[in-house]
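Report on one structure; see the data block that follows.
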Amino acid sequence: MSQASQRVFSGVQPTGNLHLGNYLGAIKRFVAMQSSHECIYCVVDLHAITQDRSVWGGPEELARSTREVTAAYLASGIDPAAHIVFNQSQVAAHSELAWIFNCVARVGWLNRMTQFKDKAGKNRENASVGLYAYPNLMAADILAYRATHVPVGEDQKQHLELTRDIAQKFNIDMADACTEAGYPDGFFPLPEPLITGPATRVMSLRDGDKKMSKSDPSDLSRINLTDDADTIAKKIRKAKTDPDALPESMEALKGRPEAANLLGLFAALQDATLETVLPQFAGRQFSELKQALADLAVEKLSPIAGEMQKLMASQDHIDAILKDGAERANAIAEPVMADVRRIMGFVR
Ligand code: TRP
């Protein structure tokens, strides 16, 4: 497949505050794809409402958070003129295709999704049907644009595999109609996850075995994208460590989650690899790494926080970008949906 026919799609949920995990695991990667690909970046507000209202926060918080994710995209360097930035609920294709995929995906496939099990917790009977079907909506997000590449964090790999399974089953089940519609090799591409570089999983600053998360009760566990320089420095200073000096080799990093996390963060923020960063700190104390990491984090994140603040002050500007992006997204998705309807036999 030529570079020209490669299309990137990805999304971030507008729930709660954005943190370093969202930035390094998602947004920073999105920025990097722009020079080589046509990119579509979505604020997935329909995904946000799959959990209880107490989690997504209600209408005012959803709107605020949708604009905040948009501001983070822009402040990090995503160009909404050269690419597409929009919120999911403004393009009807997502919901429409998700319904069709509800009828393609098997209950047995969804039952294997570990994110559902984690998010539903013990009381699975009380989880929303939307939370259960979440991966089908995610497949629709990607395939409504017939996207081929999806930059995501490690935790989304299983959902990407499900997306491929859905695309493949659709192509096989509807093979005759796909051929009839001019797609003898199947209508949907099988999209590939792009999971590269250090800090694909950013861990809690208080526990190197737990993911950095907006729902952790301790704010010290995460660096928020809106934290000021003093707060960033304080959180890194207080980060959990172990008693030994920093390791000399990748091998010696095993079983030392806090060292791995802090070194991984340093590498990711510096656009370096863990292998090149390791010798810089080998045999040194955690305090030296923390000082260097705090300086680097402040240097990289403060400008983003400042720009986000400016953007958030001009709501109309953000809303106009989302509206323009939604129109351009719709212009791509609508012809895809027209083909899907024809393939399925929905009369128009
Ligand atoms: N599920 C993703 C996450 O929690 C967000 C998401 C929704 C997404 N739709 C997507 C990511 C489509 C990539 C492509 O991070």
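Summary table
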read-out: Length added when fully stretched, Arg348-Asp185, from 0.36 nm per residue minus Cα-Cα; value: 56.2 nm
read-out: Candidate aspartates and glutamates for bridging to Lys28, where Cα separation is under 12 Å - those fewer than 8 sequence places away on the same chain excluded; value: Asp271
read-out: Average accessible surface area per residue within region 219-310, 1.4 Å rolling probe, Å²; value: 48 Å²
read-out: Linear extension gain, Arg124 paired with Lys238, 0.36 nm per residue minus alpha-carbon span; value: 37.4 nm
read-out: Diffusion coefficient, µm² s⁻¹, Stokes-Einstein with Kirkwood Rh over alpha-carbon pairs of region 219-310 at 4 °C and 1.567 mPa s; value: 95 µm²/s
read-out: Gaussian network model of the chain, Cα within-10 Å springs - most flexible of Asn123, Asn111, Asn171; value: Asn123
read-out: Student exercise, region 219-310 dipole from Lys, Arg, Asp, Glu Cβ charges, in Debye to nearest 20; value: 260 debye
read-out: Calculated [θ] (222 nm, deg cm²/dmol) that DSSP helices of n ≥ 4 give over the chain, each run adding -39,500 (n - 2.57); value: -16000 deg cm²/dmol
read-out: Theoretical gain in end-to-end length, Glu161 to Asp209 [0.36 nm per residue, Cα-Cα removed]; value: 14.8 nm
read-out: For Met203, residues with placed amide H under 5 Å, excluding near neighbours; value: Met212
read-out: For His19, distant residues with modelled amide H under 5 Å away; value: Leu225
read-out: For region 60-121 and region 262-308, distance of Cα centres in Å; value: 30 Å
read-out: GluC sites (Glu not before Pro) within region 229-300, DSSP loop, no more than 14 other Cβ atoms inside 10 Å; value: Glu248
read-out: Residue among Ser213, Ser302, Ser76 with the largest mean-square fluctuation in a Gaussian network model of the chain, springs linking Cα atoms under 10 Å; value: Ser302
read-out: Dipole magnitude of region 1-120 about its Cα centre (Cβ charges: Lys, Arg +1; Asp, Glu -1), debye to nearest 20; value: 380 debye
read-out: Total charge dipole magnitude, the chain, about the Cα centre, Cβ charges on Lys, Arg, Asp, Glu only, Debye to nearest 20; value: 640 debye
read-out: J(HN,Hα) series, region 280-293, from Karplus relation 6.51 cos²θ - 1.76 cosθ + 1.60, nearest Hz, glycine and proline x; value: 4, 10, 4, x, 7, 7, 3, 4, 5, 4, 4, 4, 5, 5
read-out: Given Lys240/Lys300; Lys119/Lys254; Lys119/Lys235; Lys119/Lys211, the pairs whose alpha carbons are separated by over 25 Å; value: Lys119/Lys254; Lys119/Lys235
read-out: Among Glu125, Glu154, Glu334: highest mean-square fluctuation, GNM of the chain, C-alpha pairs under 10 Å; value: Glu125
read-out: Farthest toward positive dipole pole in region 45-147 [+1 Lys/Arg, -1 Asp/Glu at C-beta], among Ala48, Ser95, Phe116; value: Phe116
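The values are calculated or read from the model by the stated rules, or taken from the named source; none is laboratory data. Computed from a predicted model, the values in this text were never measured in an experiment. Backbone-built Cβ (ideal geometry, glycine too); neighbour counts: all protein chains shown. The protein model used for the area step is the full one, side chains on, heavy atoms only, and it has no ligands, DNA or RNA in it. Shrake-Rupley method; radii C 1.70, N 1.55, O 1.52, S 1.80 Å.
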